[in-house]
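The structure appears right after this line, and notes come after that.
The values are calculated or read from the model by the stated rules, or taken from the named source; none is laboratory data. Note that the structure is predicted; figures quoted are calculated from it, not measured. Using ideal geometry, Cβ is built from the backbone for each residue, glycine included, and neighbour counts are taken over all protein chains shown.
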Amino acid sequence: MNKLATATDLQARLTHVLDTIEREFQPLTDAQLRTKPANGGWSIVECLQHLNLAERYYVRQLQHKVDKVGFMQHNPNDQELESNLLGRLTLRFLDPTSTTKLPAPGMVRPRAAADLNVAEVMASFLELQTLQRDLLGRLVYLDWNGQKVMTPFGKWIKMRLGDVVQMLVVHTERHLAQAMRVKAGLSL
């Protein structure tokens, strides 16, 4: 797939995420959002807080790259996306249809649901996803194959920009599906 089509697709998917949050989770009570599933795992608010913690780092990195570009007014160059092994593996493991369970590193594990301010978590989530969607419109001016983004796992582990922007959306969709399963188990 090429960069411009991918960016448009990712923006549409993030719009769907935002619509889903508004439709499915905003009407719920704080108690419902904090309820853990019977089989264990995270509550809805813990899923959203995990995404806030995990994605805030990357969104800052993307914002920094966009800020360095400035205000380009010419058309962005399109390009065919190339993933390296790290990018392909990350996208495969984080895909919502993947049955592989990966433990969240400590730095992105949410606090217990009882310790979270639901309104703040929701507001932060909506802000981050909206910012990410808006950034995609400016990230298309960058080289998605050549530009690298540092990971929080060390300065020596970097991912291609194209893999990172796709990974963020796939990761969001994975945990949104998890949160929807939690909601399905609630007695409403």
Restricting segment 129-188 to residues that are of a type in the set (Gly, Ala, Ser) and more than 17 Å from residue 11 (Cβ to Cβ), the one surrounded by the fewest Cβ atoms within 10 Å (Cβ to Cβ) turns out to be 187
If you go through 96, 37, 27, 76, the only one that is over 28 Å from residue 141 (Cβ atoms) and modelled with pLDDT under 85 is 96
If we ask which residues in segment 149-164 are of a type in the set (Phe, Trp, Tyr) and closer than 12 Å to residue 86 by Cα, their number turns out to be 0
- Say whether the condition of being closer than 23 Å to residue 96 by Cβ and of a type in the set (S, T, N, Q) is met by at least one residue in segment 171-185. yes
Selection from segment 13-43 of residues within 16 Å of residue 96 (Cβ to Cβ) and either among the hydrophobic types (A, V, I, L, M, F, W, C) or in a helix (DSSP H, G or I) (or both) yields 13, 14, 16, 17, 20, 21, 24, 42
Out of (1) out of contact with any Phe, Trp or Tyr (no Cβ under 8 Å at 6 or more places or on another chain); (2) farther than 26 Å from residue 16 by Cβ, the one residue 119 does not meet is (2)
Here the residues within segment 1-36 that are among the β-branched types (Val, Ile, Thr) and out of contact with any Lys or Arg (no Cβ under 8 Å at 6 or more places or on another chain) are 6, 8, 17, 20, 21, 29, 35
Looking across segment 89-119 at residues that are in contact (Cβ under 8 Å) with a residue 40 or more places away in the chain and basic (Lys, Arg), the single one that is surrounded by the fewest Cβ atoms within 10 Å (Cβ to Cβ) is 111
